[in-house]
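Okay, so here's the structure we're looking at.
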Amino acid sequence: MENEIYYKVEKIKKTPAGRVYCIKSNLGTVFEMLVSNEQYERFDIEEGEIIDDEHFLKIREEMLFDNARRAAFSILSCGENNKKSLTSKLQARGYSYELSKNMAIYMEHRGYIDEKKQIKLLCQNYLKKKYGKLKIINELVAHGYQREDVQEFVKKNLDKVNFAENCAYIIENKFMPLKTQDDVKKMMGTLLRYGYNVGEIKDGIKIATERQGKDE
């Protein structure tokens with residue numbers, strides 16, 4: 001066809017990282033694309049060979065995937081990442097959202113990202129800070145974890161946590177004794193921001209007040 005685009009593999013250069021295809025289209029555009037040795041063997045394309053647009057796009061797709069995978073390993077070697085943060089960092093390096101997102105899923109499926117373990121460790125840290133259940137959920141979601149996964153984890157693992165007792169600890173250490181109505185308002189605002197519900201706050205006040213009475 002007159003408007004058909006095709007490509008000639010002008011040269012294949014061997015490098016420590018793989019093979020570089022030097023490809024020239026019939027429109028005169030020159031491309032250099034690095035693929036792994038494994039991909040090179042799979043393509044089975046030799047110098048001087050003419051390839052169509054479909055083959056060219058497949059090579060390009062494989063090249064981008066391989067480059068994104070190397071970038072993902074580089075990012076993960078520098079510290080913990082979840083799927084959302086890895087996706088964002090790959091996008092910042094110039095990869096499309098779709099490729100970045102798929103690469104993050106690829107890394108999770110191969111065990112390089114363990115979001116359940118990350119959520120567990122973050123929850124332990126938030127409990128040490130005496131956060132309430134709602135704040136724990138919101139913090140985890142803000143970190144990029146799926147709300148459904150977070151809520152499922154919280155339901156299974158935090159049901160036995162005595163949040164009223166944690167609330168009482170904050171009251172005793174930050175607000176007791178409560179001398180004025182303004183003190184009460186300030187306490188309520190802080191505890192709500194900490195993620196406690198009204199029932200937990202009432203129970204926390206009761207626990208703290210009873211303990212204070214015993215100490216007097």
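The values are calculated or read from the model by the stated rules, or taken from the named source; none is laboratory data. These figures come from a predicted structure and were not determined experimentally. All Cβ positions, even for glycine, are placed from backbone atoms using ideal geometry, and neighbour counts span all protein chains on display. These accessible areas exclude ligands, DNA and RNA; they are computed on the full protein's heavy atoms, side chains included. Shrake-Rupley method; radii C 1.70, N 1.55, O 1.52, S 1.80 Å.
At a glance:
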{"quantity": "Residue ID - farthest from residue 144 (Cα to Cα), chosen from residues in the stretch 112-123 that are outside any helix (DSSP H, G or I) and open to solvent by 60 Å² or more (accessible area, probe 1.4 Å)", "calculated": "112"}
{"quantity": "Scan of the stretch 87-111 for residues that are outside any helix (DSSP H, G or I) and without any contact (Cβ under 8 Å) to a residue 12 or more places away in the chain, ordered by number", "calculated": "94, 96, 110, 111"}
{"quantity": "Single residue of the stretch 170-186 satisfying the filter (over 17 Å from residue 134 (Cβ atoms) and surrounded by 15 or more Cβ atoms within 10 Å (Cβ to Cβ)) that is modelled with the lowest pLDDT", "calculated": "178"}
{"quantity": "Single residue of the stretch 150-169 satisfying the filter (surrounded by 16 or more Cβ atoms within 10 Å (Cβ to Cβ) and of a type outside the set (Val, Ile, Thr)) that is nearest to the chain's Cα centre (by Cα)", "calculated": "153"}
{"quantity": "The stretch 1-16, residues that are in contact with an Asp or Glu (Cβ under 7 Å, 6 or more places away or on another chain), modelled with pLDDT of 90 or more and open to solvent by less than 100 Å² (accessible area, probe 1.4 Å)", "calculated": "9, 12"}
{"quantity": "Residues of the stretch 68-106 satisfying the condition of being among the aliphatic types (A, V, I, L, M), surrounded by 15 or more Cβ atoms within 10 Å (Cβ to Cβ) and closer than 20 Å to residue 149 by Cβ", "calculated": "76, 86, 103, 104"}
{"quantity": "Residue that is within 22 Å of residue 104 (Cα to Cα), among the small types (Gly, Ala, Ser) and without any contact (Cβ under 8 Å) to a residue 60 or more places away in the chain, where the choices are 164, 142", "calculated": "142"}
{"quantity": "Criterion violated by residue 33 - all others in (1) more than 14 Å from the chain's Cα centre (by Cα); (2) loosely packed, with under 15 Cβ neighbours inside 10 Å satisfied", "calculated": "(2)"}
{"quantity": "Condition check for residue 81: polar (S, T, N, Q) and not in a helix (DSSP H, G or I)", "calculated": "yes"}
{"quantity": "Sole residue being among the β-branched types (Val, Ile, Thr) and in contact with a helix residue (DSSP H, G or I) (Cβ under 6 Å, 6 or more places away or on another chain), chosen from 136, 105", "calculated": "136"}
{"quantity": "Considering residues of the stretch 52-62 that are more than 24 Å from the chain's Cα centre (by Cα) and buried (at least 18 other Cβ atoms within 10 Å of the Cβ) only, the residue nearest to residue 20 (Cα to Cα)", "calculated": "59"}
{"quantity": "Within the stretch 28-71, tally of residues that are assigned to a strand (DSSP E or B), touching a helix residue (DSSP H, G or I) at 6+ places or on another chain (Cβ under 9 Å), under 19 Å from residue 15 (Cβ atoms) and among the β-branched types (Val, Ile, Thr)", "calculated": "1"}
{"quantity": "Filter pass, residue 23 being assigned to a loop (DSSP other than H, G, I, E, B) and modelled with pLDDT of 85 or more", "calculated": "no"}
{"quantity": "Some residue of the stretch 139-149 being closer than 30 Å to residue 208 by Cβ and among the polar types (S, T, N, Q)", "calculated": "no"}
